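First up is the structure itself, then whatever we jot down about it.
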Amino acid sequence: MKVLVTGSSGLVGSEAVAYYDQQGHQVVGVDNNMRAEFFGTQGDTHWNRQRLEQTMQQFQHYAIDIRDREQLFELFQTHQFDLIIHCAAQPSHDKACQIPLLDFEVNALGTINLLEATRQFTPKAVFIHMSTNKVYGDAPNEVPRVEHEKRYDYANPEDFHGIAETCRIDRCLHSLFGASKASADIVAQEYGRYFGMNVGIFRGGCLTGPSHSGVELHGFLSYLVKVALTGRTYKVFGYKGKQVRDNIHSYDVIQAFEAFRRNPRPGEVYNLGGGRDNSVSIMEAFDLVESISGRKIDWVYVDDNRVGDHICYISDLRKLQSHFPDWSITRSLPSIFEEMIEAESARLAAAV
């Protein structure tokens with residue numbers, strides 16, 4: 001099998017490269033390190049590309065910009081892909097307002113370029129689109145909540161499992177990132193439903209793991225671990241630090257993709273996160289990182305919350321689990337923290 005991974009030097013992309021390479025497949029990665037342009041040196045993923053090139057057996061890297069349709073089409077003419085995993089994106093909720101045209105071109109135009117290349121050259125391939133829960137805008141904030149000592153939670157029993165795919169994606173405030181990703185999400189569905197292509201859309205919660213190049217504007221847990229281990233100051237933006245996210249390890253993300261590849265459902269949409277068991281507020285995350293790392297976190301509070309931010313977001317995984325009953329969360333929240341702290345400590349030691 002030949003696999004294309006876009007955003008191959010990023011968190012989920014590099015996890016996909018490693019998984020399919022280890023399974024003996026040929027893997028082509030597309031990544032032009034625009035994350036460094038978005039976020040500066042802290043967001044640079046060159047280290048991860050080097051790691052993959054040094055350790056993978058059948059990995060080829062191309063520094064192609066997914067906005068460049070001509071280069072993408074040439075790539076698809078050269079390689080007959082069986083599986084496309086599209087992870088490349090401008091990923092920041094906050095950064096998008098500074099670069100609205102670039103954000104939309106990367107997230108929306110880049111996605112339809114890849115979908116059309118697939119339709120023209122490898123129409124029977126399985127296409128995985130990595131979407132985001134930000135396509136729901138702030139609609140999840142309308143779910144009734146209760147406030148606890150260190151977190152918000154859903155007030156009604158029927159909402160216990162979290163936000164389902166039936167949550168609306170319009171008539172709400174998104175952020176420009178949420179809007180560009182919603183555009184990509186819908187066009188991916190259309191290629192699946194209209195053209196009958198094997199396209200699956202996965203609306204990610206907080207995706208995390210040791211290969212994440214987290215920064216303040218994107219990468220909640222990764223950035224928090226970096227702050228804890230380097231003694232910097234973490235900024236909490238609004239909601240008393242009680243805002244909740246569910247976190248999923250990149251390995252479990254790839255296993256969900258693989259479940260879809262084996263039994264694709266054209267145009268189907270799935271929420272993908274850690275679920276209730278892997279949900280945590282910022283205040284609770286502070287406690288966990290401090291207990292595992294032994295480092296006290298220095299933090300400050302900023303009254304203004306991020307525009308369109310979710311107050312409490314837990315992914316309802318029941319649809320995904322009903323369609324693919326062999327898939328489940330395998331990495332617990334404490335184990336994720338332990339792995340990330342160990343990996344970041346090793347990187348810091350190597351840099352000295």
A student applying the Cα gyration tensor rule (rounded when a/c is under 1.5; otherwise prolate if a/b is larger than b/c, oblate if not) would label the range 229-352 oblate
Shape call for the range 1-136, from the Cα gyration tensor axes a ≥ b ≥ c (a/c under 1.5 means rounded, otherwise prolate when a/b beats b/c, else oblate), comes out oblate
At R0 = 25 Å the Cβ-Cβ FRET efficiency linking Gln80 and Asn33, nearest 0.05, sits at 0.40
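What helices does the chain have that are whole DSSP H segments, at least 15 Å long along their own axis by Cα, and with mean Kyte-Doolittle hydropathy of 0.5 or more? Write down the numbers at each step before the final one.
Working: long enough: 11-22 (17 Å, 0.12); 110-121 (17 Å, -0.01); 176-193 (26 Å, -0.01); 220-230 (16 Å, 1.61); 250-262 (18 Å, -0.28); 282-293 (16 Å, 0.95); 333-351 (27 Å, 0.45).
In the chain, the long hydrophobic H runs are 220-230, 282-293.
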In terms of the charge dipole of the chain, which places +1 on Lys and Arg and -1 on Asp and Glu at the beta carbon, the residue among Ile163, Gln58, Val307 farthest towards the positive end is Gln58
Least to most buried among Ile254, Ile163, Ile85, Ile292, by other C-beta atoms within 10 Å and fewest first, runs Ile292, Ile254, Ile163, Ile85
With Glu147 itself left out, Lys, Arg at +1 and Asp, Glu at -1 over residues whose Cβ is under 12 Å from its Cβ give +3
So the FRET efficiency between Gln54 and Glu149, C-beta based with R0 = 45 Å and rounded to 0.05, is 0.45
Fewest-first ordering of Asp31, Asp326 by Cβ atoms within 10 Å yields Asp326, Asp31
Simple SL model, points at 7 angstrom along Cα→Cβ for Asp326 and Ala350; separation in nm is 3.3
Which of (i) 30, 24, 19; (ii) 47, 20, 18; (iii) 36, 22, 19 gives semi-axes √(5λ) of the Cα gyration tensor in Å as computed here? It is (i)
Ranked output for segments 35-47, 87-99 by mean other Cβ atoms within 10 Å, highest leading, reads 87-99, 35-47
Expected unfolding gain across Gln98-Met1 under the 0.36 nm per residue rule, minus the alpha-carbon gap, is 30.9 nm
One finds, for Phe195 and Glu142 with R0 = 35 angstrom and r their Cβ-Cβ distance, a FRET efficiency to the nearest 0.05 of 0.55
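Of the listed peptides 298-311, 173-186, what is their order by residue-averaged count of other C-beta atoms within 10 Å, with the highest listed first?
Values: 298-311: 14.1, 173-186: 22.9.
The packing order, highest mean first, is 173-186, 298-311.
Treating only the Cβ atoms of Lys and Arg (+1) and Asp and Glu (-1) as charged, compute the dipole magnitude of the range 2-351 about its Cα centre; round to the nearest 20 debye.
In debye, rounded to 20, the range 2-351 gives about 220.
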Once Lys and Arg are counted +1 and Asp and Glu -1 for all other residues with Cβ under 14 Å from that of Arg51, the total becomes -3
A correct fewest-to-most ranking of Met283, Met197, Met130, Met340 by other Cβ atoms within 10 Å would be Met283, Met197, Met340, Met130
Simple SL model, points at 7 angstrom along Cα→Cβ for Phe73 and Asp287; separation in nm is 5.7
Straight-line reach check, Lys240, cutoff 29 Å on alpha carbons, 8 or more apart in-chain or any other chain, hits among lysines -> Lys95, Lys134, Lys150, Lys181, Lys226, Lys296
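Every number here is computed from the coordinates shown, using simple stated rules; none is lab data. Remember, predicted model here, so these are calculated numbers, not experimental data. Please note: Cβ atoms are built from the backbone with ideal geometry, for glycine as well, and neighbour counts cover all protein chains shown.
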